[in-house]
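Comments concern the structure below.
Every number in this text was worked out from the coordinates using simple rules, so none of it is lab data. Because the structure is a prediction, the values reported are computed rather than measured. No Cβ is skipped: glycine too gets one built from the backbone with ideal geometry, and neighbour counts run over all protein chains shown.
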């Protein structure tokens, strides 16, 4: 048994009467599981996975929606020491090609609605499908030759991310990354067993896995997994479920802020944990005031979760807090304002990019991980300024602008293209002869890209350069 | 346009998405062509709920693809709520 699963077992063994997990549905409906029920469901899932040929050393790509079932699958895979790959259901041909070529999963577990999209890639691999009823069916058993050799006991998962180079990479998340991340997040949150933490975030993000799944599991909080971001449903759940903590991205908090009624009270709320993108000082103040909470904004990457975070009692607007214990940060080549690239070093960092030694070599130089993000220190608090790598954070999700450019170029008659951000939108600028009708070309390229890349990456506008 | 509800719905969508109303033809795809993601969609839904004093069930919107289908769906909600 790994240290992570041993700690989960210990925590569930002393849980008490509160639910371990509650699923908040789109109409506000609630499903909860206690510790014994969760353990039973994990055991049942390991049996199903084994029947499907999934066991130790199987790399398994997951295309699942947020649900208690998804949590059960994750935990069962970790118990078996299989290695989940967290993918997004929004991915299309280009991302899927990279995942199945570079990460080479031996098996796939997917919602039934996503299976047609996966069919060309799933051939020859194990396939388990989650039906609309929540029942899992083994469609293709995983063959023993689909096991991956060379998997370390330290690997827990492979998490998809981007470095601005145009290609999706799989970040190897190690056990110590999960354990350390949960420990430092709990140190900042200072929660007590029996409290609850609501999260309207996809489980496929490492921030969600560490901060919302494993931190509550290891420290005795009820995790409330929201399958909706409908503000009416979430705001109403704060009172009906007695929510104490919320973890979300700034974009979700903005949505809640615009939906809260003046004078509306939330008696149980204590903190709003935030990360994934910038939170402006004014928003920090507005959130604190409207919800009477302490806002704990932080900073992390798929490779380090987290790097810095504000702690209860000492959070400061505009910063991402103190650097976490066990993590070292230095600012490379600072300018006159002390601003430079954030470099990170930690014992609990990722284990490299899976099957991508060149990207790993380029990311870690002289023992320091180069984040591609610009920042500075304000006294002892770190401040994130902006990204210098060719990426853009959209609702807490990384968009690699080089990947979008390559996709646009593969779909257009243009000789070259640039992809930029205007306001909050992705825009492609094409170098095309004047004879080309740019409006027709825009429609044609967008139509092609629907099948090539995730919808949220498709340029909203395509113009002549 | 002589449908006041439709005009108000499109104003809300335009204000939140920052897309001119002139782009809202009935057959325009909401996600792919207008680039409206789930967060923006929820903000539109929450705003329409407040402006029209209605409740919109997210699960009823799963199959909606186009601007025309969305407007018809909201108009039906308004009629149902206000007789």
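Two decimals, Cα atoms only, Kirkwood Rh: what is Rg/Rh over the range A:176-390? Walk me through the intermediate numbers first.
On the way: Rg = 17.3 Å, Rh = 17.7 Å.
Result for the range A:176-390 is an Rg/Rh of 0.98.
Could you please rank B:63, A:336, placing first whichever residue has the fewest other Cβ atoms within 10 Å of its Cβ?
The most exposed by this proxy come first: A:336, B:63.
Give me P(r) over the range B:4-82, computed from all C-alpha to C-alpha distances, binned every 5 Å, as integer percentages.
With a bin width of 5 Å, the distribution comes to 3, 16, 31, 30, 16, 4, 0.
How big is the antiparallel share of DSSP beta bridges in the protein assembly as shown, given as a percent to the nearest 5?
Bridges in the protein assembly as shown that DSSP calls antiparallel: roughly 55 percent.
Between the alpha-carbon centers of the range A:289-331 and the range A:130-182, tell me the distance in whole angstrom.
Using only Cα atoms, the two centres lie 27 Å from each other.
If each Cα of the range A:181-230 is one equal point scatterer, what is log10 of I(q)/I(0) from the Debye formula at q = 0.23 Å⁻¹?
So the normalised log intensities work out to -0.78.
What 222 nm value per residue comes from the helices of the protein assembly as shown, counting each DSSP H run with n ≥ 4 as -39,500 (n - 2.57) and dividing by all residues, nearest 500 deg cm²/dmol?
Numbers: 16 runs with 181 residues, N = 548.
Computed mean residue ellipticity for the protein assembly as shown: -10000 deg cm²/dmol.
With the contact rule set at Cα under 8 Å and sequence spacing of 6 or more, what percent relative contact order holds for chain A? Don't skip to the answer; put the middle values down first.
Values: 966 pairs, mean separation 62.1, N = 465.
For chain A, the relative contact order is 13 percent.
Over what distance in Å are the Cα centres of the range A:223-273 and the range A:6-79 separated?
Result: 24 Å between the Cα centres.
If neighbour count is taken as other Cβ atoms inside 10 Å, put A:386, A:15 in order from fewest to most. Don't jump to the answer; show the numbers that get you there.
Numbers: A:386 10, A:15 19.
Result, fewest neighbours first: A:386, A:15.
Fewest Cβ neighbours within 10 Å first, please rank A:222, B:47 accordingly.
Values: A:222 23, B:47 18.
So the residues, fewest neighbours to most, are B:47, A:222.
Counting every Cα pair in the range A:1-66, what percent are over 14 Å apart?
Numbers: 1544 of 2145 pairs.
Within the range A:1-66, distances greater than 14 Å cover 72 percent of Cα pairs.
In Å and on Cα atoms, what radius of gyration and Dmax does chain A show?
Rg, Dmax (Cα atoms, Å): 22.0, 72.
Can you give me the pair-distance distribution of the range A:31-166, C-alpha pairs, 5 Å bins, whole percents?
2, 10, 22, 25, 21, 13, 6, 2, 0, 0
I need the peptides B:64-70, A:148-154 ranked by packing, meaning the mean over residues of other C-beta atoms within 10 angstrom, with the highest value on top.
Descending packing order for the listed peptides: B:64-70, A:148-154.
DSSP beta bridges in the range A:176-390, what fraction antiparallel, as a percent rounded to 5?
Looking only at bridges with both residues in the range A:176-390, the antiparallel portion is about 60 percent.
Once you average over the residues of B:42-50, how many Cβ atoms of partner chains fall within 10 Å of each Cβ?
On the way: counts 11, 7, 0, 5, 10, 3, 0, 4, 5.
For this peptide, the per-residue mean of nearby foreign Cβ atoms is 5.
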